[in-house]
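Would you mind keeping the following structure in view while I ask a few things?
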Amino acid sequence: EPGWWRFDTPLPDNIHWLATPPEDPDAWGACLWITDRLLGDAEAAPWAGRLTRYRPRSLYLGVGCDRGAARETVETAIDTALTEAGLSPLAVGGMATIDKKQDEPALHEVSEARGWPLHFYPPEALAAVADIPNPSETVQRYMGTPAVGEPAALLAAGAEADRLIVEKRKYCGADGKNATVSIARAPFPEPGANQAS
């Protein structure tokens, strides 16, 4: 979120905006680390007691599932996709899918339990998203769009195809039902001259 400094004045001299973590943490009094990534112990250790993490709501999930899939199947699919990509569930801003899934209980249950808004898009809107990496003739035949999760994630994030950071990932749950997850990152404005030093 490089556009966080909203004032017309420059940053105070003792605050610096950096696009990447500094090479010498000992030279800094503290760090506010704004990221949607999970931070490992090795990354956080040099800051011992001087690190605060902030999770921007920058990630949007495109979710699909078989009819009647259990909540646990959908949640495990989501958690696995986030973990494998090194992304924090605290940075999820919402979920999205096709409007034909508006009556799918598991999607509503996950949305409510996690506090993630659930967005629905008609097939025409999903089909209009260009450069989707995993189109499917089967999805086209049954849903009226060549893909669901990938374009839904991008539409919810307000992003172009280059912001798709996890392509469709399929998971089969203990209930024998499948769920798919795609993840897109919302774009943020580039820092202005008064935001970086």
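The values are calculated or read from the model by the stated rules, or taken from the named source; none is laboratory data. Everything quoted here is computed from the prediction, not taken from an experiment. No Cβ is skipped: glycine too gets one built from the backbone with ideal geometry, and neighbour counts run over all protein chains shown. For the accessible areas, the whole protein counts, side chains as well, though only heavy atoms, and no ligand, DNA or RNA atoms are used. Shrake-Rupley method; radii C 1.70, N 1.55, O 1.52, S 1.80 Å.
Here are ALA127, ALA106: which of them is touching a helix residue (DSSP H, G or I) at 6+ places or on another chain (Cβ under 8 Å) and open to solvent by 30 Å² or more (accessible area, probe 1.4 Å)? Outline the logic, then answer.
Working: ALA106 fails: open to solvent by 30 Å² or more (accessible area, probe 1.4 Å).
Criteria check complete, one pass: ALA127.
What tally of residues in the stretch 76-93 results from selecting those that are in contact with a Pro (Cβ under 8 Å, 6 or more places away or on another chain), under 15 Å from THR180 (Cα atoms) and open to solvent by 10 Å² or more (accessible area, probe 1.4 Å)? Break it down stepwise before answering.
So in the stretch 76-93, the residues in contact with a Pro (Cβ under 8 Å, 6 or more places away or on another chain) come out as 78-79, 82, 91, 93.
After this cut, where a residue has to be under 15 Å from THR180 (Cα atoms) as well, the list is 78-79, 82.
Then keep just the ones that are open to solvent by 10 Å² or more (accessible area, probe 1.4 Å); that gives 79.
Selection size over the stretch 76-93: 1.
Give me the strands (runs of 3 or more DSSP E) completely within the stretch 102-197, filtered to those with at least 2 residues that are touching a residue at least 40 places away in the same chain (Cβ under 8 Å) and within 21 Å of the chain's Cα centre (by Cα), ordered by residue number. Before the answer, list the steps.
Numbers: elements: 118-121, 164-172, 178-185.
It comes to 164-172, 178-185.
When residues of the stretch 33-49 are filtered for being open to solvent by 70 Å² or more (accessible area, probe 1.4 Å) and either of a type in the set (Phe, Trp, Tyr) or farther than 23 Å from VAL110 by Cα (or both), how many remain?
The qualifying residues number 4.
On to the next question. Quick one: THR52 ticks every box in (1) part of a strand (DSSP E or B); (2) open to solvent by less than 20 Å² (accessible area, probe 1.4 Å) bar one, so which box is it?
(2)
Of (1) more than 16 Å from ALA184 (Cα to Cα); (2) part of a helix (DSSP H, G or I); (3) open to solvent by 20 Å² or more (accessible area, probe 1.4 Å); (4) not hydrophobic (A, V, I, L, M, F, W, C), THR73 satisfies all except one. Which?
(3)
Another question about this same structure. Determine whether LEU61 is surrounded by fewer than 15 Cβ atoms within 10 Å (Cβ to Cβ), assigned to a strand (DSSP E or B) and not β-branched (Val, Ile, Thr). Break it down stepwise before answering.
Values: surrounded by fewer than 15 Cβ atoms within 10 Å (Cβ to Cβ): no; assigned to a strand (DSSP E or B): yes; not β-branched (Val, Ile, Thr): yes.
Against the criterion (surrounded by fewer than 15 Cβ atoms within 10 Å (Cβ to Cβ), assigned to a strand (DSSP E or B) and not β-branched (Val, Ile, Thr)), LEU61 does not qualify.
Within the stretch 16-42, track down each residue that is touching a Leu at 6+ places or on another chain (Cβ under 9 Å) and either at pLDDT below 90 or closer than 27 Å to ILE183 by Cβ (or both).
Passing the criteria: TRP17, CYS31, LEU32, TRP33, ASP36, ARG37, LEU38, LEU39.
Further question on the same structure: Would you say ALA42 is small (Gly, Ala, Ser), under 19 Å from the mean Cα position of the chain (by Cα) and not in a loop (DSSP other than H, G, I, E, B)? Before you say what the answer is, go through the steps one by one.
Values: small (Gly, Ala, Ser): yes; under 19 Å from the mean Cα position of the chain (by Cα): no; not in a loop (DSSP other than H, G, I, E, B): yes.
In short, no.
To continue, here is another question. Out of ASP79, ASP8, ASP26, ASP13, report the one residue that is of a type in the set (D, E, K, R), assigned to a helix (DSSP H, G or I) and over 29 Å from ALA152 (Cβ atoms). Don't jump to the end; show me each part of the working.
Numbers: ASP79 fails: over 29 Å from ALA152 (Cβ atoms); ASP8 fails: assigned to a helix (DSSP H, G or I); ASP13 fails: assigned to a helix (DSSP H, G or I).
Residue meeting the stated conditions: ASP26.
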